[in-house]
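The values are calculated or read from the model by the stated rules, or taken from the named source; none is laboratory data. It should be emphasised that the depicted structure is a prediction, and the values quoted were computed from it without experimental measurement. Cβ placement follows ideal geometry from the backbone for every residue including glycine, while neighbour counts extend to all protein chains displayed. Keep in mind that these areas ignore ligands, DNA and RNA; they rest on the heavy atoms of the full protein, side chains included. Shrake-Rupley method; radii C 1.70, N 1.55, O 1.52, S 1.80 Å.
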Amino acid sequence: MMGASHAATGAAAWLLAAAAVPTTFGVVDGVDGPGLAVGAIVAAGAALLPDIDHRHGTIARSLPPISTLAARVTEKLSGGHRQGTHSIVGLVLSGFLATLVSQVRVDVAGYGELNIGAGMAAVLLASFAIKALELVKGKVLTWATSLALAAVVVFFGADNWVWFPAAVVVGYAAHLVGDLITTGGIPVLWPFVMKPPKWWRKVPLLSDVWKANGAISVPVLGDAGSTREKVLIALVTSWMVWAGVYQWLGVNLLAWAVVQA
């Protein structure tokens, strides 16, 4: 998938998951309207996170020098582009690190407990989404917008700590699924990457699913940037707009009804 498609599907996946599971087994409170929007920002950025494994990629240049350094380190640790970060290992590690970050919270007089850790991580994640969606141009505007969105994350994120790692994992998983259903595929079980036997590579349909380099693919969307991908993203974007309008109307109609009563 293309970068903008990843960001859109990450945000949509979060909205769908958070709405479908309003509480986590009754342990934490559900996510309200502002929390849904803030989580969508984080999930959109996290949906670009697997591509931080390429030092010369678009995401690596999103928020220099932080993103550049992160890309260099990740590329070495993950074995290169579309290796470790595009696997279940990468997904689990992202959730673990996001959980650690979400524990960094500070009590501020007049505001209560603020999730500073999530805000700091959101600076980088927001820059990924900004770069992929081409919302602003230039380093200064990217930094300013990313910091502004990070502040929104800190002040309007859900009260429970679960929402941040959940949004990261949902967005990250959306990226993996997006690449899985294109022709490139992903090394799902990295570092245990098995290549198919020679006879398998000669069978057209089979070779498309278990590729010569060991990657797994279910190429229902075809190549990245295909017409099918564009149609999917158009549908996803339309759904998000509808969901946002529905949420806004629901809240405002409820407020109006309360006032009238």
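For region 191-224, the list of trypsin sites (Lys or Arg not before Pro) that fall in a loop by DSSP and count at most 13 other C-beta atoms within 10 angstrom reads Lys202. Here's the list of lysines a cross-link from Lys131 could span, going by alpha-carbon distance under 27 Å and ignoring same-chain residues fewer than 8 apart: Lys76, Lys139, Lys230. Here the Karplus relation 6.51 cos²θ - 1.76 cosθ + 1.60, evaluated at θ = phi - 60°, turns the backbone of region 237-243 into coupling constants of 5, 4, 5, 5, 4, 4, 5 Hz, with x for every Gly and Pro. Evaluated at q = 0.15, 0.26 Å⁻¹, a Debye calculation over the C-alpha positions of region 37-78 (equal weights, vacuum) places log10 I(q)/I(0) at -0.35, -0.81.
Distance from the Cα centre of region 57-84 to that of region 198-213, in angstrom? Centre-to-centre distance over Cα atoms comes out at 30 Å.
For the chain, which span is the longest to avoid every loop-located (per DSSP) member of chymotrypsin sites (Phe, Trp or Tyr not before Pro) having at most 16 other Cβ atoms inside 10 Å? Walk me through the intermediate numbers first.
Details: sites that count: Phe25, Tyr111, Phe192.
With chymotrypsin sites (Phe, Trp or Tyr not before Pro) excluded where exposed in loops, the chain gives 26-110 as its longest stretch.
Per-atom-type breakdown for the chain gives carbon and sulfur 72% of the accessible area (1.4 Å probe, protein chains only). Calculated mean residue ellipticity at 222 nm for the chain: -20000 deg cm²/dmol, from DSSP H runs with n ≥ 4 weighted as -39500 (n - 2.57), summed, divided by the residue count and rounded to 500. The residues Asp159, Asp208, Asp223, Asp179, sorted by heavy-atom accessible surface at 1.4 Å with ligands and nucleic acids left out, run Asp159, Asp223, Asp208, Asp179 from largest to smallest. Electrostatic bookkeeping for Lys211 treats Lys and Arg as +1 and Asp and Glu as -1; over the other residues with beta carbon under 15 Å from its beta carbon, the sum is +2.
Positive contributions from Lys and Arg (+1) and negative ones from Asp and Glu (-1), summed over other residues with Cβ under 12 Å from the Cβ of Glu229, come out at 0.
Would you mind working out the accessible area per residue for the chain, using a 1.4 Å probe, and quoting it in Å²?
Numbers: 14030 Å² over 261 residues.
About 54 Å² of surface per residue is accessible.
Which whole-number percent of Cα pairs in the chain have a distance greater than 33 Å? Above the 33 Å cut-off, the chain has 23 percent of its Cα pairs.
Note on region 107-194: the C-alpha convex hull projects to 8.1 nm² when averaged across all orientations.
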